[in-house]
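Participant: The structure follows.
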Amino acid sequence: MDTIRVMEIKKSVFDDNDQRAAMLRNELQEQGVFLLNLMSSPGSGKTTCLAKTVESLHGSMGIGVMEADIDSDVDARTIGEVGAKVIQLHTGGMCHLDASMTRQGVEGLGTKDLDLIVLENIGNLICPADFDTGASKNAMILSVPEGDDKPLKYPGMFSMADVLIISKMDTLGVFDFDLDAVKERVRALNPNISIFPLSAKTGEGMEAWTQWLQKEVAEWKKGATHA
Amino acid sequence: MHELGVVMNIVENVVDFAQANNVTQIETLVLQIGELSAVIPAYVESCYPAAVDGTMMQDTKLQIEVLPANALCRSCEEVFGLMAANGVCPHCGGKDCETISGKELMIKEIVAC
């Protein structure tokens, strides 16, 4: 009879992805490219907000956008029209992007002449929070119609995001959305998060958000000279 | 339900390990899954047969150990089980706590023959 051996592996399954993500992050920093991972639920106004952001930063920096969707290219067309270089990633049913898929996207897009790449992650508030994509910073959008209880229901994503955009502020009068309660709930999970309430439709609050993004991109590029 | 992608990644890892260590047959694979992990043991079990189909692990049994979610209370420095306590320290009632375990997803070991 063959001998039976117990072989210890002790390997964290997320390690692989974390290592790939760290590698991608380093390479992008060496090239002076800032990667923003943008997450939210479907219908939060991600594409509209992104289109307005690209419009306002167009000319000051080279912007690339990776649109991740299960299917279709409607978002890519919208973003392409406002002056960004766009690639559409079809994930074929996967509910989140990991570092390998992000790398494929970055390579497909090409980093030449780009300072900022935005990864529009799949509309989902759950598992994108658990997979490091290699992004420089993680941003999430919560729209007013979704309700102020979302930080209580999806604490994972609110805990890991560096920045929270509260979108569709122009609809505040229609919905029972307590902005102060949201800020308090989010800061209880994540004291260092930056929060920007805005409306891409009216332009309210857009400037503070784009300034934050410009500052982060500039700081990231400073790091590139040390790398 | 993203377990299938995760389990396929696990199977790939284990097959690589087996080949690197000249293991030709694996009787059992042991995974450790934390209570706060992004994967659900029952779903891992249900998609496991599809993930191992056509690989050297086709007949490998799957065993899952669930690791508890523990937290350290920053007020009284006691460790307590997070799931039962619902985020509130049962020793002092403090809410300021640090999660110290429960998010793991580990390939613990294989039983090779």
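Participant: In debye to the nearest 20, how big a dipole does the protein assembly as shown give about its Cα centre with +1 on each Lys and Arg Cβ and -1 on each Asp and Glu Cβ?
Facilitator: Here the protein assembly as shown has a charge dipole of around 600 debye.
Participant: Residue by residue, what Karplus-based ³J(HN,Hα) values in Hz, rounded to whole numbers, does region B:78-94 have, using 6.51, -1.76 and 1.60 with θ = phi - 60° and x for Gly and Pro?
Facilitator: 8, 9, 9, x, 5, 5, 6, 7, 6, x, 10, 4, x, 8, 10, x, x
Participant: Name the residues whose placed amide hydrogens come within less than 5 Å of the amide hydrogen of A:VAL118, ignoring near sequence neighbours (fewer than 5 apart) on the same chain.
Facilitator: Under 5 Å from the amide H of A:VAL118: A:LEU36, A:GLY64, A:VAL65, A:MET66.
Participant: In addition: What net charge do the residues around A:ASP130 carry, taking every other residue with its C-beta under 10 Å from that of A:ASP130, with Lys and Arg at +1 and Asp and Glu at -1? Let's see the in-between values first.
Facilitator: Working: positive: B:LYS103; negative: A:ASP98, A:ASP132.
In short, -1.
Participant: Let me ask something else. Taking the dipole about the Cα centre of the protein assembly as shown, with the C-beta of Lys and Arg at +1 and of Asp and Glu at -1, give me whichever of A:ALA161, B:ALA50, A:HIS90 is farthest to the positive side.
Facilitator: After comparing all options, I get A:ALA161.
Participant: To continue, here is another question. Quick check: at a probe of 1.4 Å, how many percent of the accessible area of region A:21-220 sits on carbon and sulfur atoms? Before the final figure, lay out the partial values.
Facilitator: Details: 4070 of 8330 Å².
That share works out to 49 percent.
Participant: Name all residues of region A:147-170 having a backbone nitrogen under 17 Å from the label point set 7 Å from the Cα of A:ASP178 along its Cα→Cβ direction, giving them as ranges.
Facilitator: A:147-154
Participant: Determine the shielding of peptide B:35-42 by partner chains: average, over its residues, the number of Cβ atoms on other chains within 10 angstrom of each Cβ.
Facilitator: Details: counts 0, 1, 3, 8, 3, 0, 0, 0.
For peptide B:35-42, the averaged partner shielding equals 2.
Participant: If you don't mind, there's one more thing I want to ask. Quick one: angle between helix B:3-20 and the longest Cα principal axis of chain B, in degrees between 0 and 90, rounded to 10, please.
Facilitator: Taking Cα atoms only, the helix is inclined about 60 degrees.
Participant: Under a 5 Å amide H to amide H cut-off, with H placed in plane at 1.01 Å, what residues pair with A:SER143 once short-range neighbours are removed?
Facilitator: Amide H neighbours of A:SER143, under 5 Å, 5+ apart: A:SER167.
Participant: Relative to the longest principal Cα axis of chain A, at what angle does helix A:179-189 sit, 0 to 90 degrees, rounded to 10?
Facilitator: 20
Participant: Next up: Any chance you could give the angle, 0 to 90 degrees and rounded to 10, that helix A:13-30 forms with the longest Cα principal axis of chain A?
Facilitator: Compared with the principal axis, the helix lies near 60 degrees.
Participant: Let me ask something additional. Given a Förster distance of 41 angstrom, what is the FRET efficiency for B:VAL79 paired with A:THR171, based on the Cβ-Cβ distance and rounded to 0.05?
Facilitator: Numbers: r = 45 Å, r/R0 = 1.09.
Computed FRET efficiency for B:VAL79 and A:THR171 comes out at 0.35.
Participant: Moving on. Provide the packing ranking of A:97-104, A:12-19, B:80-87, i.e. peptides ordered by the mean count of other C-beta atoms within 10 Å per residue, highest first.
Facilitator: Result, highest mean Cβ count within 10 Å first: A:97-104, A:12-19, B:80-87.
Participant: Ignoring ligands, DNA and RNA, what accessible area per residue does the protein assembly as shown give at 1.4 Å, in Å²? Don't skip to the answer; put the middle values down first.
Facilitator: Details: 16280 Å² over 340 residues.
Per-residue value: 48 Å².
Participant: Right, here's the next one. Interface A/B, total buried accessible area with a 1.4 Å probe, nearest 100 Å²? Provide the component values of the computation, followed by the final result.
Facilitator: Details: alone 11430 and 6770 Å², together 16280 Å².
Using a 1.4 Å probe on protein heavy atoms, the buried area is about 1900 Å².
Participant: A:ALA84: net charge of surrounding residues, Cβ under 13 Å, Lys/Arg +1, Asp/Glu -1, itself excluded?
Facilitator: Neighbourhood net charge equals -4.
Participant: How much accessible surface area, in Å² rounded to 10, belongs to the heavy atoms of B:TYR48 with a 1.4 Å probe?
Facilitator: 20
Participant: How large is ³J(HN,Hα) for each residue in region A:93-108, as worked out from phi by the Karplus curve 6.51 cos²θ - 1.76 cosθ + 1.60 (θ = phi - 60°), to whole Hz, x for Gly and Pro?
Facilitator: x, 5, 9, 8, 9, 10, 5, 5, 5, 5, 4, 4, x, 4, 5, x
Participant: Which whole-Hz ³J(HN,Hα) couplings does region A:4-9 yield from phi under the Karplus relation 6.51 cos²θ - 1.76 cosθ + 1.60, θ = phi - 60°, glycine and proline marked x?
Facilitator: Per-residue couplings from phi come out as 9, 10, 9, 10, 6, 10 Hz.
Participant: As an exercise, use a Förster radius of 22 Å and the Cβ-Cβ distance of A:THR3 and B:ALA20 to find the FRET efficiency, rounded to the nearest 0.05.
Facilitator: Working from the Cβ atoms, E equals 0.70.
Participant: While we're here: Out of residues 5 or more away from B:LEU62 or on other chains, whose amide H comes under 5 Å of its own, with H placed 1.01 Å from N in the peptide plane?
Facilitator: B:LEU29
Participant: Taking the Cα centre of region A:112-227 as the origin, how large is its charge dipole in debye, to the nearest 20, when only Lys and Arg (+1) and Asp and Glu (-1) carry charge on their Cβ atoms? Provide the component values of the computation, followed by the final result.
Facilitator: Working: 12 positive and 18 negative charges, 56 e Å.
In total the dipole reaches around 280 debye.
Participant: Evaluate E = 1/(1 + (r/R0)^6) for B:SER101 and A:LEU152, where r is the Cβ-Cβ distance and R0 equals 22 Å; express this FRET efficiency to the nearest 0.05.
Facilitator: 0.45
Participant: Could you give the length gained by full extension between A:LYS221 and A:ASN26, i.e. 0.36 nm per residue of separation minus their alpha carbon distance, to one decimal place?
Facilitator: Result for the pair: 69.0 nm of gain on full extension.
Participant: Using a 10 Å cut-off around each Cβ of peptide A:133-141, what is the average number of partner chain Cβ atoms that fall inside? Each step should come with its number before you reach the end.
Facilitator: On the way: counts 0, 0, 0, 0, 0, 0, 0, 0, 0.
The mean count of partner-chain Cβ atoms within 10 Å per residue comes to 0.
Participant: Now a separate question. Compute the distance in nm between two label points, each set 7 Å from the Cα along the Cα-to-Cβ direction, one at B:CYS92 and one at A:THR202.
Facilitator: Here the answer is 4.6 nm between the modelled labels.
Participant: Sketch the reach of a paramagnetic label on A:HIS58 as a point 7 Å from Cα along Cα-to-Cβ, and name the residues of region A:64-104 whose backbone nitrogen lies under 14 Å away.
Facilitator: Only A:64-65, A:77-86 fall inside the zone, counting backbone N under 14 Å.
Participant: Another question about this same structure. Residues of A:12-20, mean number of Cβ from any other protein chain within 10 Å of their own Cβ, rounded to a whole number?
Facilitator: For peptide A:12-20, the averaged partner shielding equals 4.
Participant: Run the helix sum for the protein assembly as shown: -39,500 (n - 2.57) per DSSP H stretch of 4+ residues, divided by residue count, reported at 222 nm to the nearest 500 deg cm²/dmol.
Facilitator: That comes out to -11000 deg cm²/dmol.
The values are calculated or read from the model by the stated rules, or taken from the named source; none is laboratory data. What you see is a predicted model, and the numbers here were worked out from it, not measured in a lab. Reconstructed Cβ throughout: ideal geometry from the backbone, glycine too, with neighbour counts over all protein chains shown. Protein only, heavy atoms only, side chains kept; ligands, DNA and RNA dropped before computing areas. Shrake-Rupley method; radii C 1.70, N 1.55, O 1.52, S 1.80 Å.
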